Amino acid sequence: MTVRRSNDGTLVLEGVCPVEEAEPLLQMLQATPAAVVDWTDCRKLHTAVLQVILASGTAPIGPCGDHWVAEWVTPKLLQTRPGD
Amino acid sequence: MSALQEQFVSEARELIRQAADDLIALERAGASPERIDRVFRSFHTLKGSAGVVELPAMSIMLHAAEDLLASVKQAAVGVSADIIDSSLACLDQVSRWVDDFEASGALPARAGEEGRAMADRLRSFLPAGQEPQTKLHTQNSAPGGSEAALPEWVSHLLEDERDAMASRMPTHPLAASAICYEPIAGCFYNGDDPLQLMRQVPNLLAFRVEPREPFPPVPDLDPYACNLRLLAISAADRDEIAGIFRLVPDQVRITNLSPNALPTTLALANNNRTLIEAVIEAQCELLRVSNRKDDFAGCVGAAARTAANALRHGDYPQLADKVQRGGGMALAQHDTGVLLAALQQALVALRNARSTVIVDDINGPGGTAANTPERPADRVLRVSETRIDALVNLVGELVVAKNALAHSAKRVDQALGGQEIAGSIQRDYDAIDRLVIELHSTILQLRMMPVAQVFRSFPRLVRDVSQQLDKNVALMTRGGTTEADKTIVDRLFEPLVHLVRNAVDHGIESSEQRRLAGKPETATISIEAFRLGDRFLVEVTDDGRGIDPAVVRRKASEKHLLPTDELNALTDENVIDLVFDAGFSTAAEVSDISGRGIGMDVVRTAVEQIGGRVSLETKAGVGTAVRLDLPLTIAMSRIMVVETSGQLFGISMDAVSETVRVAPDRISQIKNNDGFVLHDRIVPIVSLAELMKLPEQVKEATAARLFVVIEAAGRMAAFEIDAIRDRLDVVLKPMQGLLAGARGYAGTTLLGNGQVLLVLDVKEILP
């Protein structure tokens with residue numbers, strides 16, 4: 001599992017997060033919409049997983065462990081966060 | 001509001017001030033290329049910030065202003081008062097919107113219209129036929145002129161990402177391309193990972209990912225339907241990029257950009273560096289020539305701050321940190337040389353950066369920063385006022401608790417005869433006392449801020465008012481680095497506005513009159529702040545016509561401010577003071593600017609509210625000087641409000657040891673005074689009503705009586721009162737005027753309902 005719920009309810013993305021992880025992540029977010037996503041240990045993020053994060057409007061605990069995402073995507077993510 | 005938006009609000013305000021200052025400097029001091037560039041930079045950064053928080057109306061307007069300033073910069077348009085006016089009006093609009101944005105998180109509904117109207121007004125100054133600058137770029141960049149202009153998405157991307165691109169720009173980009181990649185919904189099933197393709201794009205300058213259609217609510221989201229648009233700008237040529245996207249040619253649009261489409265960014269990056277270098281060099285120069293021993297910390301602090309801010313502004317945070325550390329060390333070692341070395345190093349790094357553009361770090365050859373063990377940086381922390389105030393309150397309570405400890409020490413000594421323990425408690429008390437006093441003053445220091453922040457608004461004010469009245473006025477401000485408590489600095493603004501407006505409106509003569517009087521046509525108003533002991537003084541001086549005592553006398557008599565005989569008895573000096581009276585105005589006619597008969601009155605009230613005094617000196621034909629004498633800090637006193645015979649009095653909480661109700665049978669006559677026993681001590685009773693010469697209320701003989709037990713100057717007494725009304729933190733004002741000599745009062749304060757409360761000086765009234 002590279003997407004898991006930690007003891008304190010944080011949704012942790014670890015290592016390589018391939019396309020298959022999009023659905024479990026979405027289910028967890030549907031179950032607990034307020035859950036915090038921690039992607040600091042994610043080494044590589046698939047577009048589908050990123051889309052779930054973007055669509056849910058959550059602001060993950062940063063920086064993203066995937067350096068390319070951290071450099072190019074993260075600031076934009078903060079801007080598109082709804083509800084602010 | 002998100003952290004990003006909060007940051008935008010505070011930065012935008014700073015930038016607006018900066019831009020306004022620069023515009024006024026531009027007008028007053030002439031249009032040198034450096035000044036124009038500075039104004040341009042301010043607007044440019046402001047526009048960038050507006051883009052980040054997505055306020056298109058603001059961006060449109062600022063974009064137009066930036067285009068106008070770019071033409072000024074290229075000398076296509078000369079600087080005129082109209083251009084300055086419109087640019088200032090644009091800043092005013094931005095400022096209003098920033099307020100709206102802070103209050104409601106959005107711009108008002110008609111912002112779009114207003115923004116476009118302002119943009120049109122600004123563009124009307126552009127020479128006919130000249131296209132806005134950015135459009136020029138997009139046209140230049142169309143390959144072979146086959147397209148009239150770039151697609152809108154490219155312009156937007158270029159525009160929005162301009163700042164980000166500037167920092168990533170290679171020195172000589174040979175090519176540039178814009179990529180718009182819209183993966184089909186089912187792309188994930190095909191095994192595509194759109195991000196993976198983007199990761200392969202070489203020389204990426206800007207990237208953005210956005211939903212093609214607004215995302216549905218989370219429960220309805222299909223995680224495997226791609227709904228994204230990926231936009232990017234790269235300094236690679238079209239063919240190279242097309243190779244990466246060869247499997248999805250139907251989903252991607254690649255537009256060739258001429259590298260010239262990006263020149264401003266690179267030019268700006270270089271310009272930016274030139275500016276930063278100039279700023280740092282100026283600081284070095286200042287440090288070298290400054291031999292002010294009295295304000296060493298101020299000079300070093302200001303130089304380090306200015307240089308670091310410039311570096312941070314230019315996106316060299318590491319250099320900025322090093323400079324700031326250098327400043328901290330210079331302060332600690334009391335040696336400007338340390339900061340000078342750090343500044344020189346930053347200059348070297350900046351100059352090296354010309355060839356490499358991106359600076360990661362610097363460690364100049366043999367530089368001191370590399371050899372000196374690093375100390376924690378002397379960084380500035382932004383802390384909200386409420387948190388500081390919470391600390392101030394806590395320390396206040398600590399002071400009260402500390403006072404109780406002294407009381408306990410005495411009780412141990414007296415009640416138990418435990419001299420040894422009492423002595424040890426007393427020593428502890430002394431230590432805590434010292435620490436608390438130090439803590440208190442350190443925390444109050446946190447609230448100190450330079451008065452320059454208030455001064456900054458005045459060049460603009462003087463400009464607008466003098467223009468409106470067609471007068472020539474130069475403003476000089478001095479002592480901007482003088483620090484005082486934030487509350488005082490904040491509250492200084494209003495009285496200063498009145499004073500400066502009054503000076504321009506009433507004090508300064510028309511150019512014609514000045515010429516006839518043999519004075520320079522341009523009048524001077526100066527605002528100067530300085531410290532005198534523990535007082536903070538601000539003087540507003542003008543070289544205008546001065547105030548004629550005869551006119552004041554006539555006005556006062558017309559307005560029946562005083563009975564005629566009293567008025568006649570006043571000396572000329574005292575007559576002048578009448579201008580501070582409510583309802584007095586020397587202007588022959590009420591004008592738009594001031595002179596509604598409230599100005600000077602408001603000044604006096606505002607200044608007195610913060611425990612200050614106003615005085616005025618004037619000489620007919622020579623000018624007027626108004627001096628505001630203010631405390632450096634607002635000394636808050638904690639008081640208890642008590643009532644006796646229907647009158648309220650304040651008693652400092654420091655003097656109160658406790659309040660007790662005592663049954664009449666516990667009260668006995670001791671010698672020729674009533675008293676009672678409390679904690680094994682005899683406490684004499686003092687009737688506050690009697691002490692204050694008030695008629696005593698008749699009380700039921702059996703009712704318990706209420707006392708405030710006072711301990712001051714080693715004596716103890718119980719003040720009999722009717723009721724305790726309140727406990728308050730107040731600013732104590734010393735007794736003034738006729739009451740200045742009245743004994744027994746520590747001062748007065750205003751209650752919430754406007755009533756004046758007399759605060760007793762218990763030391764003096766204890767019999």
Elements of type helices (runs of 4 or more DSSP H) in region B:299-395, at least 1 residues being at pLDDT 70 or above, crowded, with 17+ Cβ neighbours inside 10 Å and touching a Lys or Arg at 6+ places or on another chain (Cβ under 7 Å): B:317-333, B:336-356
B:ALA89 - would you say it is buried (at least 21 other Cβ atoms within 10 Å of the Cβ) and touching a residue at least 12 places away in the same chain (Cβ under 8 Å)? no
Of the residues B:LYS73, B:LYS47, only one is outside the structural domain of B:ALA523 (by TED's automatic domain parsing) and within 25 Å of the chain's Cα centre (by Cα); which? B:LYS47
Exactly one of (1) modelled with pLDDT of 85 or more; (2) surrounded by fewer than 16 Cβ atoms within 10 Å (Cβ to Cβ); (3) more than 14 Å from chain A (Cβ to nearest Cβ) is unmet by B:GLU281. Its number? (1)
Kindly establish whether B:LEU23 is modelled with pLDDT of 85 or more, in the same structural domain as B:ARG123 (by TED's automatic domain parsing) and over 22 Å from the mean Cα position of the chain (by Cα). no
Among what's in region A:61-71 and is out of contact with any Lys or Arg (no Cβ under 8 Å at 6 or more places or on another chain) and surrounded by fewer than 22 Cβ atoms within 10 Å (Cβ to Cβ), pick the residue that is modelled with the lowest pLDDT. A:GLY62
Among the residues of region B:447-480, what is the count of those that are among the hydroxyl-bearing types (Ser, Thr, Tyr) and farther than 19 Å from B:ASP629 by Cβ? 2
Among (1) over 22 Å from B:GLN609 (Cα atoms); (2) surrounded by fewer than 19 Cβ atoms within 10 Å (Cβ to Cβ); (3) among the hydrophobic types (A, V, I, L, M, F, W, C), where does B:MET448 come up short? (1)
Looking for whichever is at pLDDT 75 or above and small (Gly, Ala, Ser) here; the options are B:ALA713, B:ALA723. Which one fits? B:ALA723
For residues that are part of a helix (DSSP H, G or I) and over 16 Å from the mean Cα position of the chain (by Cα), scanning just region B:1-19, find the one that is modelled with the highest pLDDT. B:GLN5
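Against the condition among the charged types (D, E, K, R), touching a Leu at 6+ places or on another chain (Cβ under 9 Å) and farther than 17 Å from B:THR255 by Cα, how does B:ARG212 come out, does it pass?
Yes, satisfied.
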Restricting attention to region B:396-407, the residues that are more than 28 Å from B:MET448 (Cβ to Cβ) and at pLDDT below 75 number exactly 3
Please find, among B:VAL504, B:VAL465, B:VAL454, B:VAL473, the residue that is under 16 Å from B:ALA523 (Cα atoms), assigned by TED's automatic domain parsing to the domain that holds B:GLU617, buried (at least 18 other Cβ atoms within 10 Å of the Cβ) and touching a Leu at 6+ places or on another chain (Cβ under 7 Å). B:VAL504
Residues being among the acidic types (Asp, Glu) and under 25 Å from B:THR487 (Cβ atoms) - total across region B:383-436: 3
When both residues are 6+ apart or on different chains and their Cβ atoms are under 9 Å apart, which pairs have a first residue that lies in region B:310-329 and is under 20 Å from B:GLN18 (Cα atoms) and in the same structural domain as B:SER49 (by TED's automatic domain parsing), and a second that is among the acidic types (Asp, Glu) and modelled with pLDDT under 80? none
Candidates B:VAL622, B:VAL607, B:VAL642, filtered to the one that is closer than 30 Å to B:VAL504 by Cα and crowded, with 16+ Cβ neighbours inside 10 Å: B:VAL607
Out of all the residues in region B:163-182, is one or more surrounded by 15 or more Cβ atoms within 10 Å (Cβ to Cβ), touching a Gly at 6+ places or on another chain (Cβ under 7 Å) and either modelled with pLDDT of 80 or more or of a type outside the set (S, T, N, Q) (or both)? yes
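State yes or no: is B:VAL252 at pLDDT 80 or above and touching a Gly at 6+ places or on another chain (Cβ under 9 Å)?
Against the criterion (at pLDDT 80 or above and touching a Gly at 6+ places or on another chain (Cβ under 9 Å)), B:VAL252 does not qualify.
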Name the pairs: first residue in region B:651-668 and in the same structural domain as B:VAL708 (by TED's automatic domain parsing) and on the phi > 0 side of the Ramachandran plot, second residue surrounded by fewer than 14 Cβ atoms within 10 Å (Cβ to Cβ) and among the aliphatic types (A, V, I, L, M), Cβ to Cβ under 6 Å, at least 6 apart or on different chains? none
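The values are calculated or read from the model by the stated rules, or taken from the named source; none is laboratory data. Since the model is a prediction, treat every value here as computed from it, not as a measurement. All Cβ positions, even for glycine, are placed from backbone atoms using ideal geometry, and neighbour counts span all protein chains on display.
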